[in-house]
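The values are calculated or read from the model by the stated rules, or taken from the named source; none is laboratory data. Computed from a predicted model, the values in this text were never measured in an experiment. Here the Cβ positions follow ideal geometry from the backbone for every residue, glycine too, while neighbour counts run over all protein chains shown. In case anyone asks, the SASA skips ligands and DNA or RNA and just uses the protein heavy atoms, side chains included. Shrake-Rupley method; radii C 1.70, N 1.55, O 1.52, S 1.80 Å.
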Amino acid sequence: MAQHGLIGLFPQWYVPNFGSGYIVALYASIHMLLSHISVGSSFLVAYFYTKAYKNNDEQLFRYVKQYLLRFLIYPYIIGSVTGPGIWFSTTVSAPRGISSLIHNFVWVWGAEEIFFISEVMLIYILYYNYERIARRTFMHWTWGFAFLSWGTMLLIVGILSFMLTPGQRDTWAQTGNMLYGFWTTNYFPHVFMRTSFMFALAALLGLVVAVYIKNPKLKQEVVRELSLIGMGGIFFGGVFLYWYLRTIPARSELILTQVIPQPFLLTIGFAVLGLTLFFAAYFIWPKLNQSRALLVALFIGVLVLAIFPSERAREWMRKPYVAGEFMYVNQVIARDVPGRGMKSELPLLAEEGMLKAHPFVPESVKTITPDNALEAGRAMAMIACANCHSLDERGPRPLVLKMQGVNNPEIMLQFLERRLGGDMTQGQAPYMPILAATEAEKRALANYLVELNRQFLEKKVKNTPLPYPLLQERSSQHQERSSR
Ligand code: HEC
């Protein structure tokens, strides 16, 4: 909240040539894979245990035990490390975003924590007492375990959906009532989509463990069933994905169809198709050799080709906001949320300036002079752009690759005023925030960006060939001009 012209921003976490966002994404993707596997597996455990109980099948009991062991060790342990990793990395990369989510959803997260702790206790109890607990009771516990695990997903998905859009945004903003933010328009499609895909991932893990089943007949039966579950999961996941995409805001739809590169989305499509064919092959020929190396490679493939890109796409579609269509990725509050006592900070920033209002900007650049203008411009880029754009050549959307070599500060200023000026009819980019700053700050930023371009081109000219033809053209002009 505004106090003496300062707003509640935190120091900027900038990771050169990589980007703080990718560090979050790294933890999040691994966590996403493992958490989906473990929730899905909990249902497969319950299902196969029940089957073993009904048929009194000792072999199947043993498979379930091995299955429990595998998913106890891998997903739970690595998941318990990457989970806090997400907390730590998001807390430093988007401190205000995470704080606003905690304030809004404190009870949801509290409940999730209880579900999670119970789930973790249950898995250990079940595993270490496999032979000791009466089988009937055990069977009931496995189902309890499965629904507890799914409960954590039901809660977290509400928060993830809210991050994209609160759905009934105005009602939520007016009342500040958590439930209006939680039951968003895309909650159910999102839950069903994740639930379906999680079964496919669990089936993949099931196949890895099925290698250990000795009895060939049982092995074939289990492989067949798992392949069917895998294909079903992918099929229904696709259906719910379609529904999900119909519930996203218009802005996100535009980003999806026009901004995210097509090959990026195609990768996900091909990975999912590949996985489907793989399940189909095992379904038709359950005797196919299950090389563990192949299956592990598949997991890595799914992680790299499907999960990482789709989590990134979800993050992309959320732009320019980090949470609930009220907070920008650069942590500025962009809208009044009376129900939560929040006010848009854009008017204050436009009047007093971003550098002045940011508590962690060094005093030396708070007032722009010809001497510190470049430094002030860099500070502006750091707090206004660097959450989404790398200021180096590598990392997320490097500015130097986006600016097409513009070398005139006036043109750069016009760009800022048009694409980040806040007026949709004048060309405000739907995926970028409004740049609320004083005229002098915008000028300093434009000058700095031109300087960034100049340095980049100078360096590139030395190491031709260039990646972009346009840049090559511009840089040769630039070179001509500078050699004149
Ligand atoms: C909320 C994230 C976000 C912030 C903050 C942001 N941008 Fe962008 N910007 C994007 C996205 C998304 C694109 C689309 C291209 C892409 O994704 O590669 C983009 C594209 C651009 C482009 C390419 C031309 C265009 O209009 O699409 C330029 C230049 C650019 N941004 C400059 C800036 C500058 C300068 C700032 C800081 C004042 C800034 N951006 C802040 C997300 C952001």
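Grab the other residues whose beta carbon is less than 12 angstrom from that of Lys356, score K and R as +1, D and E as -1, and report the net. Don't jump to the answer; show the numbers that get you there.
Details: positive: Lys366; negative: Glu351, Glu352, Glu363, Glu441.
In short, -3.
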For the chain, take the longest principal axis of its alpha carbons; what is the angle in degrees between that and the long axis of helix 308-317, to the nearest 10 within 0 to 90? 50
Which angle between 0 and 90 degrees, to the nearest 10, do you get for helix 373-384 versus the longest principal axis of the chain when only C-alpha atoms count? 30
Determine the distance separating the Cα centre of segment 426-451 from the Cα centre of segment 6-40; give it in Å without decimals. 26
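Taking 31 Å as the cut-off for C-alpha to C-alpha distance, list the pairs among Lys54/Lys287; Lys65/Lys287; Lys319/Lys462; Lys319/Lys442 that go past it.
Working: Lys54/Lys287 25 Å; Lys65/Lys287 22 Å; Lys319/Lys462 36 Å; Lys319/Lys442 22 Å.
Correct reply: Lys319/Lys462.
Percent of Cα-Cα pairs more than 14 Å apart in segment 291-332, please. If you can, show how the numbers build up before the last one.
Details: 514 of 861 pairs.
Beyond 14 Å sits 60 percent of the P(r) for segment 291-332.
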Using the heavy atoms of the protein chains alone and a 1.4 angstrom probe, what is the accessible area of the chain per residue in square angstrom? 47
In percent, what relative contact order does the chain have, based on Cα pairs under 8 Å that are 6 or more apart in sequence? 19
Angle between the Cα long axis of helix 469-483 and the longest principal axis of the chain, 0 to 90 degrees, nearest 10? 30
Check: C-alpha center segment 163-185 vs C-alpha center segment 367-403, spacing in Å is 34
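What does the charge count around Met193 come to, taking other residues whose C-beta lies under 15 Å from its C-beta (Lys +1, Arg +1, Asp -1, Glu -1)?
Net local charge, Met193 excluded: +2.
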Dipole of segment 31-103, Cα-centred, from +1 at each Lys and Arg C-beta and -1 at each Asp and Glu C-beta, to the nearest 20 debye? 40
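Roughly how large, in nm² to one decimal, is the mean projection of the convex hull of the alpha-carbon atoms in the chain? Walk me through the intermediate numbers first.
Details: hull surface 102.4 nm².
Quarter of the Cα hull surface area: 25.6 nm².
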Using the per-residue mean of other Cβ atoms lying within 10 Å as a proxy for protection, in what order, highest first, do the peptides 283-292, 434-443, 316-325, 96-105 fall? 316-325, 434-443, 96-105, 283-292
Based on the mean of other beta carbon atoms within 10 Å per residue, what is the order of 187-193, 79-85, most packed first? 187-193, 79-85
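In a shell of Cβ-Cβ distance under 15 Å around Glu315, excluding Glu315 itself, what net charge do Lys and Arg (+1) and Asp and Glu (-1) give? If you can, show how the numbers build up before the last one.
Working: positive: Arg251, Arg312, Arg314, Arg318, Lys319, Arg397; negative: Glu311, Glu325.
Around Glu315, the charge tally is +4.
Beta carbons within 10 angstrom, averaged per residue: use that to sort the peptides 111-119, 21-29, highest first.
Details: 111-119: 16.6, 21-29: 19.9.
Sorting 111-119, 21-29 by mean packing, highest first, produces 21-29, 111-119.
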Suppose every Lys and Arg Cβ carries +1 and every Asp and Glu Cβ carries -1, with no other charges. What dipole size does the chain come out with about its Cα centre, to the nearest 20 debye? 1500
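Can you pull the percent of the chain's accessible area that's carbon plus sulfur, 1.4 Å probe, other chains left in place? Present the calculation step by step, with values, prior to reporting the outcome.
On the way: 14630 of 22870 Å².
The computed percentage sits at 64.
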Measuring from centroid to centroid over Cα atoms, what is the spacing of segment 86-135 and segment 265-299 in Å? 31
Name the lysines eligible as straight-distance cross-link partners of Lys460: C-alpha to C-alpha under 20 Å, and not fewer than 8 places from it in the same chain. Lys402
